[in-house]
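Encoded as structure tokens, the structure appears first; notes follow it.
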Amino acid sequence: MSVAATPSNSEAFRIGMLLSDTRYRSTTIQVIALFIFMLVFAWLISNTIQNLEALGKDFNFGFLKDPASYDINQRLIEYTSRSPHWKAALVGILNTLLIAILGCIAATFIGVAAGVLRLSKNWIVSRLMAVYIEGTRNIPLLIQILLWYAIFIEVLPAPRQAEAMLGGALVPTNRGFYIPSFVYENGSGVVGIVLLIAIVATVVFRRWAKQRQMATGQQLPTLWISLGILIVPALLTFFAMGSPISLEYPELKGFNYKGGLHARNSLVALWLALSVYTGAFIAENVRAGILAVSHGQTEAAYALGLRPKRTMNLVILPQALRVIIPPLISQYLNLTKNSSLAIAVGYMDATGTLGGITLNQTGREMECILLLMAFYLLISLTISGVMNMYNERVKLVER
């Protein structure tokens, strides 16, 4: 039997060993790669500074304090055209976060429902879901956004001809959608604190119930108990404080509706387009995750007497989540980044404010682009981090 010759530890070190010796080779290559990267990065910075000097510009963020001098039609905080550029950028960032949160929630519901129905034994239902998934995924998102926006503009009536729906809770018009808003009076803060405590108590209870089930095998009706903990204390506090929270319904005054919340057509069109488009991709992820679970698991559940709904909830979906979650993270990231198409319908998100009007007015393209890149990088890393933590919780524990 031959034995491979290996360098002796007592051998004297030579420069040539940095590449020929396997003990040093990987470290040497990494040091060289890091050195090349630093050289390229230094060249980029030097080249940028020289180009800015040639254009007569410096590099600073002082322009953020100057008045923005433009209006933003959809905003979550107080803002006027005399507000500084940093506040205009903040309004755009909040608008991006709003559409990202609403889109991720709606796309998840649409995707899970479509993915499960895609596997239905009903031929018509499964084929309808196939048409939705394949049709939506193969039409560019920008066209879908423009299509939804055109439908709202052309089909919905003007405010004076619009009729309230759902008892006045929804008024669709060609200027946007009007819904009730909350009016907070004295005592509403107490209700909010009680509700917050109830949410924490619900989370604690569900964890305790899960640990109890794992230890004893006994299952509690956690859904109804959780709803009781969440609703009853807040409801009792609400009436005890004299109903300090009420709703303000939109009312037609003159040529337009006043009061309530006004969601412009650009916001609703962008939300629906992103949700429907991303939901089609999530549906395929859900279908793949369900098919990845062995059919023997389903047969075993049926043999134990579980009904199809409980089999899906208790056996199939928990195992399918380990396959669904990783690609789901990518879909959430794609939805957030695709929201930058909002400028096509006049929705002022971070790209439209900081990367659009502010950039054009101030001529600070380098600073604006860097801030915009930092924002999208931060929000992407946050989504990835949160979803990876959730993935760690739902993955199967192997013994």
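The values are calculated or read from the model by the stated rules, or taken from the named source; none is laboratory data. Keep in mind that this is a model prediction, so the values were computed, not measured. In this analysis, Cβ positions are derived from the backbone assuming ideal geometry, glycine residues included, and neighbour counts consider all displayed protein chains. Note: areas computed on protein heavy atoms with side chains; ligands, DNA, RNA excluded. Shrake-Rupley method; radii C 1.70, N 1.55, O 1.52, S 1.80 Å.
Filter segment 241-279 for residues that are over 28 Å from ALA107 (Cβ atoms) and in contact with a helix residue (DSSP H, G or I) (Cβ under 8 Å, 6 or more places away or on another chain); which is most open to solvent (accessible area, probe 1.4 Å)? For segment 241-279, the residue satisfying everything is PHE255. Restricting segment 38-78 to residues that are in a helix (DSSP H, G or I) and in contact with a strand residue (DSSP E or B) (Cβ under 7 Å, 6 or more places away or on another chain) leaves a set whose member that is farthest from ALA269 (Cα to Cα) is LYS65.
Yes or no: segment 339-361 includes at least one residue that is without any contact (Cβ under 8 Å) to a residue 12 or more places away in the chain, under 30 Å from LEU55 (Cβ atoms) and over 17 Å from the mean Cα position of the chain (by Cα). Taking every residue of segment 339-361 in turn, at least one turns out to be without any contact (Cβ under 8 Å) to a residue 12 or more places away in the chain, under 30 Å from LEU55 (Cβ atoms) and over 17 Å from the mean Cα position of the chain (by Cα). Given the criteria assigned to a helix (DSSP H, G or I), under 28 Å from the mean Cα position of the chain (by Cα), among the hydroxyl-bearing types (Ser, Thr, Tyr) and surrounded by 14 or more Cβ atoms within 10 Å (Cβ to Cβ), does TYR178 qualify? No. Applying a threshold of 8 Å to beta carbon distances and a minimum spacing of six or more residues, or different chains, the list of pairs starting in segment 149-170 at a residue that is at positive phi and open to solvent by less than 40 Å² (accessible area, probe 1.4 Å) and ending at one that is modelled with pLDDT of 80 or more and outside any helix (DSSP H, G or I) reads GLY168/PRO180; GLY168/TYR249; GLY168/PRO250.
Name the residues in segment 67-78 that are modelled with pLDDT of 85 or more, open to solvent by less than 80 Å² (accessible area, probe 1.4 Å) and not small (Gly, Ala, Ser), would you? Answer for segment 67-78, where residues must be modelled with pLDDT of 85 or more, open to solvent by less than 80 Å² (accessible area, probe 1.4 Å) and not small (Gly, Ala, Ser): PRO67, TYR70, ILE72, ILE77.
Of all residues in segment 369-387, those satisfying the criterion of being loosely packed, with under 13 Cβ neighbours inside 10 Å and over 14 Å from the mean Cα position of the chain (by Cα) are MET373, ALA374. SER120 passes every criterion in (1) open to solvent by less than 60 Å² (accessible area, probe 1.4 Å); (2) touching a residue at least 12 places away in the same chain (Cβ under 8 Å) apart from (2). Against the condition closer than 27 Å to ILE343 by Cα, of a type in the set (Gly, Ala, Ser) and not in a loop (DSSP other than H, G, I, E, B), how does ALA209 come out, does it pass? No.
Determine, yes or no, whether LEU196 is at pLDDT 90 or above, within 30 Å of ILE143 (Cα to Cα), out of contact with any Phe, Trp or Tyr (no Cβ under 6 Å at 6 or more places or on another chain) and part of a helix (DSSP H, G or I). No. Under the condition of being among the polar types (S, T, N, Q) and modelled with pLDDT of 90 or more, the residues counted in segment 140-193 number 1.
Here is a check on your reading of the model: is ILE32 over 36 Å from the mean Cα position of the chain (by Cα) and surrounded by 11 or more Cβ atoms within 10 Å (Cβ to Cβ)? Spell out how you get there, then give the answer.
Values: over 36 Å from the mean Cα position of the chain (by Cα): yes; surrounded by 11 or more Cβ atoms within 10 Å (Cβ to Cβ): yes.
So ILE32 passes the test.
When the residues of segment 214-234 are narrowed to those that are in a helix (DSSP H, G or I) and out of contact with any helix residue (DSSP H, G or I) (no Cβ under 9 Å at 6 or more places or on another chain), which ends up most open to solvent (accessible area, probe 1.4 Å)? Spell out the reasoning first.
As a first pass, look at segment 214-234 and keep what is in a helix (DSSP H, G or I): 214-216, 222-234.
Filter once more, so that each one left must be out of contact with any helix residue (DSSP H, G or I) (no Cβ under 9 Å at 6 or more places or on another chain): 214-216, 223-224, 228.
On the way: MET214: 157, ALA215: 85, THR216: 84, LEU223: 104, TRP224: 183, GLY228: 28 Å².
Filtering segment 214-234 for residues that are in a helix (DSSP H, G or I) and out of contact with any helix residue (DSSP H, G or I) (no Cβ under 9 Å at 6 or more places or on another chain), the one most open to solvent (accessible area, probe 1.4 Å) comes out as TRP224.
The residue that is least open to solvent (accessible area, probe 1.4 Å), among those in segment 354-368 that are within 13 Å of GLY62 (Cα to Cα) and among the charged types (D, E, K, R), is GLU367.
Condition test on TYR184, is it open to solvent by 50 Å² or more (accessible area, probe 1.4 Å), in contact (Cβ under 8 Å) with a residue 60 or more places away in the chain, hydroxyl-bearing (Ser, Thr, Tyr) and in contact with a helix residue (DSSP H, G or I) (Cβ under 6 Å, 6 or more places away or on another chain)? For TYR184, the condition - open to solvent by 50 Å² or more (accessible area, probe 1.4 Å), in contact (Cβ under 8 Å) with a residue 60 or more places away in the chain, hydroxyl-bearing (Ser, Thr, Tyr) and in contact with a helix residue (DSSP H, G or I) (Cβ under 6 Å, 6 or more places away or on another chain) - is not met. Inspection of segment 331-340 identifies no residue that is part of a helix (DSSP H, G or I), open to solvent by 80 Å² or more (accessible area, probe 1.4 Å) and of a type in the set (Val, Ile, Thr).
In this structure, is SER81 out of contact with any Gly (no Cβ under 9 Å at 6 or more places or on another chain), assigned to a loop (DSSP other than H, G, I, E, B) and open to solvent by less than 70 Å² (accessible area, probe 1.4 Å)?
Numbers: out of contact with any Gly (no Cβ under 9 Å at 6 or more places or on another chain): yes; assigned to a loop (DSSP other than H, G, I, E, B): yes; open to solvent by less than 70 Å² (accessible area, probe 1.4 Å): yes.
In short, yes.
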